[in-house]
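Accompanying notes for the structure given below.
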Amino acid sequence: MTTTEAPAPPSGPAGAEPLQARKTPARKRLVPYWLLLPGILWLVVFFAAPLVYQASTSLQTGSLEDGFTVTWHFATYLDAIAEYWPQFLRSVLYAAIATALCLLLGYPLAYLIAFKAGRWRNLVMILVIAPFFTSFLIRTLAWKTILADGGPVVGVLNSLHVLDVTSWLGMTEGQRVLATPLAVVCGLTYNFLPFMILPLYSSLERIDPRLHEAAGDLYARPATTFRRVTFPLSMPGVVAGTLLTFIPAAGDYINAELLGSTDQKMIGNVIQSQFLRVLDYPTAAALSFILMAAILAMVTIYIRKSGTEELV
């Protein structure tokens, strides 16, 4: 009669392996939160805390000599809107025109890079981002030379009677371009055009070329293929590009300061003046919050109307 040996008892304290197996997943679940910690701290220190301080500043009263105290003076917001609503509307108008021009100019270029550039794709992409290697201020100052009254650009526009049309539209004054709405819009369009091209290219580049071939096999014309296939599939890039262009353009003040006159001042110029010249910190903070709330509301409505709610 044979006897079987009993299995050897596990080494170490009983139940050690199951306990360790239970602890390991818990530690792994905490890893993403530890990775998020630096970003959260950055947002708290450099975004949330300044936002709270700015909100507190907008509700203060006083002067620079006597000091400012929080008095919960919400009337500052109403006074700011009543006094500076033309600058708000002008900022939205200029930003909307510049965004539309960036889309009209950037979409064909992004389409060319994605589908037609071939081996020249990298070179064209470098040319698109090359302006970023130059200071924003220097690029804007260059437009003062380009649009100078005696420059070739204004001369060509005069000979083609283009300035007569823009004067009728209220974008220029007489036979000059500088210190007019057209100059400000041109500066905004040039400076923010890469922000439109890059997301458009990223969206178009992901479209499978076989979809175009399939549309051609179904006897769809190129225009129909673009309208029914290409443009709908590129809508995420259109939405992202318009947001990346409109939001900074609405708060910009450099282009209006250098290329415009006092009649073309945007809300960013008013905020800059209130902070640094007038030293009316509550009004400047209130204007900043109004601008941020207005842009947030417009962006939310735009995203939902464009059918891309997943972006919010």
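The values are calculated or read from the model by the stated rules, or taken from the named source; none is laboratory data. Here the structure is a predicted model, which is why all the values come from computation and not from measurement. Note that each Cβ is placed from the backbone with ideal geometry, even for glycine, and that neighbours are counted across all protein chains shown. Calculation scope for accessible area: heavy atoms of the full protein, side chains included, ligands and nucleic acids excluded. Shrake-Rupley method; radii C 1.70, N 1.55, O 1.52, S 1.80 Å.
Annotations for the structure displayed:
- Ranking Leu178, Leu112, Leu35 by solvent-accessible area of protein heavy atoms (1.4 Å probe, all protein chains present), from largest to smallest, gives Leu35, Leu112, Leu178.
- Taking the convex hull of Cα positions in segment 126-261, its mean projected area over all directions (nm²): 10.6 nm²
- Residue among Trp168, Thr99, Ala256 farthest towards the positive dipole end of the chain, charges placed on Cβ: Thr99
- The chain, accessible area per residue, ligands and nucleic acids excluded (1.4 Å, Å²): 62 Å²
- Simple point charges give the picture: +1 on the Cβ of Lys and Arg, -1 on the Cβ of Asp and Glu, and for segment 112-196 a dipole about the Cα centre of about 480 debye.
- The string of couplings for segment 264-277 from the Karplus curve (6.51, -1.76, 1.60, θ = phi - 60°) is 10, 5, 9, 5, x, 5, 5, 5, 4, 5, 5, 6, 9, 10 Hz, one whole number per residue in order, with x for Gly and Pro.
- Each part gets one Cα centre, and for segment 223-278 versus segment 115-175 those centres are 16 Å apart.
- Exposed-loop-free span, longest in the chain, where GluC sites (Glu not before Pro) count as exposed if DSSP calls them loop and at most 16 other C-beta atoms lie within 10 Å: 66-312
- Label corresponding to volume of the Cα convex hull per residue in Å³ when calculated from the structure given, among [x] 309; [y] 154; [z] 255: [x]
- Projecting the Cα atoms of Ala285, Ile295, Thr225 onto the charge dipole of the chain, computed from C-beta unit charges around the Cα centre, puts Thr225 farthest toward the positive end.
- Cα centre as origin, Lys/Arg/Asp/Glu Cβ charges: the chain dipole, Debye: 1060 debye
- Computed over the chain with a Gaussian network model linking Cα atoms closer than 10 Å, the most mobile of Leu157, Leu51, Leu36 is Leu36.
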